[in-house]
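For reference, the structure discussed in these notes is given below.
Nothing in this text is a laboratory measurement; each read-out follows from the coordinates by a stated rule. Fair warning: this is a prediction, and the values are worked out from it, not measured in the lab. Using ideal geometry, Cβ is built from the backbone for each residue, glycine included, and neighbour counts are taken over all protein chains shown.
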């Protein structure tokens with residue numbers, strides 16, 4: 001949008017500049033030339049976008065989402081397109097929940113998932129879910145997987161050496177657009 005405004009300002013400044021040149025009005029002509037240069041500079045700057053380190057960019061051009069994702073750094077883009085930036089760094093999702101055990105006990109469990117968004121799947125996530133994929137997909141899926149896995153094991157497995165086995169099984173159920181790093185089970189209370 002800024003690109004269009006800058007182009008319109010450049011056209012208006014060019015019109016004023018050439019009109020002032022014909023009338024030999026130097027101050028008006030100089031001001032119009034400065035406006036023209038500034039407007040063209042702003043329009044030119046809209047052709048580039050900067051994706052910060054650890055982020056990924058998705059190009060949305062009037063509802064048409066590009067299949068290519070933008071990597072960190074300076075990227076050349078259509079100035080009319082909207083670039084949506086996703087954080088692809090490792091993040092923590094921490095939950096405290098009551099989960100069922102095999103013997104029917106309710107166990108309060110504090111659990112953390114370290115995850116990062118897959119660079120290659122960011123455009124697919126934006127197309128199908130949107131920017132708030134953590135609230136819409138990841139948290140409900142995470143809770144479901146944790147409850148499903150803990151219901152297969154006895155309560156004592158949550159605070160013995162079997163915790164590692166449970167963690168690995170839970171990581172299998174994490175959605176494919178997420179790169180899970182680590183699952184940590186802490187503080188089980190029966």
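Suppose the chain between residue 132 and residue 42 were pulled fully straight at 0.36 nm per residue; how much longer would it get relative to their current alpha carbon spacing?
Gain on stretching residue 132 to residue 42: 29.3 nm.
Provide 165, 70 in ascending order of the number of other Cβ atoms located within 10 Å of each residue's Cβ, fewest first.
165, 70
Apply 1/(1 + (r/R0)^6) to the Cβ-Cβ distance of residue 139 and residue 53, taking R0 = 30 Å, and write down the FRET efficiency to the nearest 0.05.
0.70
With r as the distance between the Cβ atoms of residue 124 and residue 80 and R0 = 25 Å, compute the FRET efficiency 1/(1 + (r/R0)^6) and round to 0.05.
Plugging the Cβ-Cβ distance into 1/(1 + (r/R0)^6) gives 0.65.
Could you check the simple spin-label distance between residue 116 and residue 94, using points 7 Å along Cα→Cβ, in nm with one decimal?
Modelled inter-label distance: 2.1 nm.
How do 102-110, 55-63 rank on mean C-beta neighbours within 10 Å, highest first?
Taking the mean over residues of other Cβ atoms within 10 Å, the ranking is 55-63, 102-110.
Which whole-number percent is the relative contact order of the range 24-167 (Cα, under 8 Å, 6+ apart)?
Reported relative contact order: 19 percent.
What's the Kirkwood radius of the range 91-189 in Å, using all Cα pairs?
13.9 Å
Taking 0.36 nm per residue of sequence separation and subtracting the Cα-Cα distance, how much length would be gained by fully extending the chain between residue 160 and residue 61, in nm to one decimal?
Computed gain between residue 160 and residue 61 is 30.4 nm.
Run the helix sum for the chain: -39,500 (n - 2.57) per DSSP H stretch of 4+ residues, divided by residue count, reported at 222 nm to the nearest 500 deg cm²/dmol.
Calculated at 222 nm, the ellipticity per residue is -12000 deg cm²/dmol.
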